[in-house]
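Novice: Questions regarding the structure given below will be posed in turn.
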Amino acid sequence: MRKYVPKDNVQAKAYYTDRFHVVPRVPREKVEEGSHFAEVVKAIGTDLKESYIEISTLVLHINPEDNFKVIKTLKERCGYTQCSEQSAVDYLAKENEFELFWQLLNVKEAKRVRVVCRLEKGLAIESIEPLFKSANFAEREMFDMFGIKVNNHPFLKRILMPDDWEGHPLLKTYPLFGDEFASWYEVDKIFGKEYRDIIGPENRDPAKIDIEDTKRFSRVGYEVPFGAEYNGEEEQGIEYSETALVNYNKKASKTLDERR
Amino acid sequence: MAQHQVNYASAAGLPIALTSVDKLVNWGRSNSLWPLTYGLACCAIEMMASGASRYDFDRMGTIFRASPRQADVMILAGTLSKKHAEFARRLYDQMTEPKWVISMGSCANTGGMFNTYATVQGVDRIIPVDIYLPGCAPRPETLQYALMMLQKKIRKESADMKKNTKQDLTTQTGKKRARLI
Amino acid sequence: MQVANKLSPFFENLNFERDDNTMVINFGPQHPSAHGQLRLVLELDGEQVVKAYPDIGYLHRGIEKMAENMTYNEFLPTTDRLDYIASTSNNYAYALAVEKLIGIEAPRRAQVIRTMLLELNRVISHLFFIATHALDVGAMSVFLYAFREREFAMDLMEDYCGARLTHSAVRIGGVPLDLPAGWLENLATFCDKVDYEVEHTYEALLTENRIWKMRLEDVGVISAEDALNWGCTGPMLRGSGIPYDIRKEEPYELYSELDFDVPVSDRCDSYGRYKLYMEEMRQSTRILKQLIPMYKESEPQLMAHAPQYISAPKEEIMTQNYALMQHFVLVTQGMRPPRGEVYVPTESPKGELGFYIKSEGEPYAYRLKCRAPSFFHTGLLQEILVGTYIADVVTIIGSTNIVFGEVDR
């Protein structure tokens, strides 16, 4: 039976995890009374689902429909005048939703706030571009990488990938090496589909050595003159030294059917 | 050391040198290789460094040109992304014959460390390459050496470009297929 | 007559036949003063830019995707290729983010060396900025002079880590190597040299240069409000009169102990930013000079002691069984930071370089987002280019000091 490979998350995974391994959590602190962050929490009021301080950043969990309102409050009443970063995290495999975050900066107080919300798959988020112009590019990047639609964005279009690209690369379902479309993209675009056979598939294996290629790599034990034609003969290992080189002659070794 | 008297008067007032057309043309071509400033990524900084004060590319007759129409060599310095591939091919097509390509750095050679969906796995998939230059990023000395190797290669070529067999765009299995140039 | 087909196409960059009498000009992605692979589609009315549309992504290599498929230590060399002009600042920003996540701190000597490398990289980056900016504006000799000094700085970096451009000189939890013999003397000489050259070469050539002033003064004006709104950081923000430097406001490493000024310019134009870069180089050498005695006082430990996350020194691995076991696990499986998320900003030469890391307790980061300053500075181009003349476009791009490695990632 073929080994089952999950399709919803094709990223690299740890091949071994100790049975008794308990993952600790980064300590979360409560918001102290009277601090700057306490005022922020107070200003947002009932829209807040959860708030805590994680590594000197105040994290505010909100509902996705309140994002514009909350960030407007943060900007106008709490002095968070810069949106440093905005993006998403893919949790589609586990919870069928994205986690969106906005990283805001208060220049006067030198404090940072992260607004976090969970957005279900297929839903759109309200653009904060009217508040922060920096969200213009950031939201386009989020759309490009995750396919999350943004309402009322002035120019929602792919930004990093080409306009005719298929798929959203940062989704967990998208493999690192790209899909079929990605692997032939430049050939299809420049030469046309009919040239796929001539150019050949991409080599994704960095350790691959081509036995017919006598120009670029030499194979230890099977050296031939530079540029010699490959005649399809079976490989004959040349024994240079019995001690220094491994004997590549397959006849001399025995392959076991089963592991002992 | 034997000394010979050269009679310039009898030789129409000119020193005479005899050579073949191939050698004369290749002498001219190889000693004034003008590369296209085609900086793509990190290697472009080393390409700039080799054009700047310490490494001084100008002494080899190498002057960077901004237009593909005036350039002989395309130095592909850096990662070629799939979005950019079309433009690389377009610039190559815009260059006038004879033209040569140096692929600078691991990314341009094979995709290098960026074994991802967005990078072209070796520029030789779209452009025939003359010199592959290893390193991440190659030092300016390496680029200078590559240029000297290219000069050496040009000196061996025929002046008639049609006679030269350019490296074909071969498949991964190494079988020679149709020429795409 | 050339016939366009798929194999030998011809494309025209200019489009004159438009109804509204404007001309659309395509700038890049291969343009000597596009600082990499910036493609700008400019709509011109006469010589004035009516609309600017920066098209980026020509250097997108999927670095954030790679981070999800690599262990934390594996990913570190990849960060070199973000801002490849000052690689160590990226290595450091990434290493600091992971260190904050796992809650460790580098030992004193490592901190001194890191701060030295960061400031050295700032000088390298600023020298590169002044070289290319001057070249774009038309002052070629500054390019040659600045690269002369930059090569000395590269020699210093090479002496330390062996690479000129892609350093990987910082590790998670410290630095891999101690400074080689004679390095500090060379550094002191280099500092004096930079101080001298900044005053007697670059500023002498440029500051009062009539052409330089005409090309830069009142070009690329960004108001303080716009700078904040568009996410400008670093010299772009300080060039608009907001004195925000992460080294001072949210100090990391040894910056809280060091004595330096944050230069601010309220001119808001390219000339003010140029002056700022020059002053920052002086401040960097000032910091470097203070660090030299600090190095001599520090203990020779280089990597933090945290056996769960960081391999023990080589000597211990070779002599102690438990250290070897830990090392084996860390090499084959990678470290497993606790579950949580972190965003750590650092002041890279270009601005605020931050890494957001979301960890689920796996050896691979669940999500890594690189907050690159140049990305937002490129976004700003669509605002500040409008209304300027086409000749100033190159000046403004040069003045924003964008690097495409970190714009596209």
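Only the coordinates and a few stated rules stand behind these numbers; no lab work does. From a predicted model like this one, the values you see are computed outputs, not experimental measurements. Don't worry about glycine lacking a Cβ; one is built from the backbone with ideal geometry, like all the others, and counts go over all protein chains shown.
Novice: Just going by the charge dipole of chain C, with Lys and Arg at +1 and Asp and Glu at -1 on Cβ, which of C:Thr189, C:Phe129, C:Cys161 is farthest out on the positive end?
Specialist: Looking along the dipole axis, the top candidate is C:Cys161.
Novice: Using alpha carbon centroids, what distance separates region A:146-194 and region A:106-141, in Å?
Specialist: Cα centres, region A:146-194 to region A:106-141: 23 Å.
Novice: Report the rotationally averaged projected area of region B:1-160 based on its alpha-carbon convex hull, in square nanometres. Could the numbers behind the result be given before it?
Specialist: Values: hull surface 50.0 nm².
For the Cα atoms of region B:1-160, the hull's average projected area reads 12.5 nm².
Novice: Per-residue Cβ counts within 10 Å, from other chains only, averaged over C:225-231: what number is that?
Specialist: Mean inter-chain Cβ contacts per residue within 10 Å come to 6.
Novice: Hey, which of these cross-link pairs are over 29 Å Cα-Cα: A:Lys30/C:Lys358; C:Lys100/C:Lys193; A:Lys172/A:Lys208; A:Lys111/B:Lys83; C:Lys51/C:Lys358?
Specialist: C:Lys100/C:Lys193; A:Lys111/B:Lys83; C:Lys51/C:Lys358
Novice: I need the calculated FRET efficiency for the pair C:Val50 and C:Lys248, taking r as the beta carbon distance and R₀ as 41 Å, to the nearest 0.05.
Specialist: Between C:Val50 and C:Lys248 the formula returns 0.55.
Novice: Among DSSP beta bridges lying fully in the protein assembly as shown, give the percent that are antiparallel, nearest 5.
Specialist: On the way: 60 of 80 bridges.
Taking every DSSP beta bridge within the protein assembly as shown, about 75 percent pair in antiparallel fashion.
Novice: While we're here: Using only alpha carbon pairs under 8 Å that are at least six residues apart, calculate the relative contact order of region B:8-119 and give it in whole percent.
Specialist: Answer for region B:8-119 is 25 percent.
Novice: State the Cα centre-to-centre distance between region C:120-194 and region A:50-68 in whole Å.
Specialist: 41 Å
Novice: Using only Cα atoms, find the angle between the long axis of helix C:270-297 and the longest principal axis of chain C, and express it within 0 to 90 degrees, rounded to the nearest 10.
Specialist: Tilt of helix C:270-297: around 10 degrees.
Novice: Okay, moving on. May I ask for the distance between the Cα centers of region B:75-129 and region C:42-84, given as a whole number of Å?
Specialist: 17 Å
Novice: Mind putting together the pair-distance distribution for the protein assembly as shown? All Cα pairs, 20 Å bins, whole percent per bin, short to long.
Specialist: 14, 45, 33, 7, 1, 0
Novice: First measure r as the distance between the Cβ atoms of C:Asp192 and C:Gln333, then evaluate 1/(1 + (r/R0)^6) with R0 = 41 Å and state the FRET efficiency to the nearest 0.05.
Specialist: 0.30
Novice: Among the listed pairs A:Lys7/C:Lys369; A:Lys69/A:Lys108; B:Lys99/B:Lys152; A:Lys72/C:Lys248, give every one whose C-alpha distance is greater than 20 Å.
Specialist: A:Lys7/C:Lys369; A:Lys69/A:Lys108; A:Lys72/C:Lys248
Novice: Let me ask another. Please report, in whole Å, how far the alpha carbons of chain C spread along each principal axis, starting with the longest.
Specialist: Extents along the principal axes, in whole Å: 78, 52, 42.
Novice: With axes computed from alpha carbons, what is the tilt in degrees of helix C:390-400 against the longest principal axis of chain C, rounded to the nearest 10 within 0 to 90?
Specialist: The two axes meet at around 10 degrees.
Novice: While we're looking at this one, here's another question. For region A:28-128, report the % of Cα-Cα distances exceeding 22 Å.
Specialist: 25 percent
Novice: Using a 10 Å cut-off around each Cβ, can you sort C:Phe260, B:Phe57 from fewest to most neighbouring Cβ atoms?
Specialist: Working: C:Phe260 17, B:Phe57 21.
Fewest to most other Cβ atoms nearby, the residues stand as C:Phe260, B:Phe57.
Novice: Using only alpha carbon pairs under 8 Å that are at least six residues apart, calculate the relative contact order of chain C and give it in whole percent.
Specialist: Details: 745 pairs, mean separation 101.6, N = 409.
About 25 percent, as a whole number.
Novice: For helix C:140-161, report the angle its Cα long axis makes with the longest principal axis of the Cα atoms of chain C; keep it between 0 and 90° and round to the nearest 10°.
Specialist: Here the helix axis deviates by roughly 20 degrees.
Novice: Let me ask something else about it. Within a 10 angstrom radius of the beta carbon, how do C:Thr78, C:Thr346 rank from fewest other beta carbons to most?
Specialist: So the residues, fewest neighbours to most, are C:Thr78, C:Thr346.
Novice: Let me have the 222 nm mean residue ellipticity of chain C computed from DSSP H runs of 4+ only, each contributing -39500 (n - 2.57), with the sum over all residues rounded to the nearest 500.
Specialist: Theoretical 222 nm ellipticity from helices: -14500 deg cm²/dmol.
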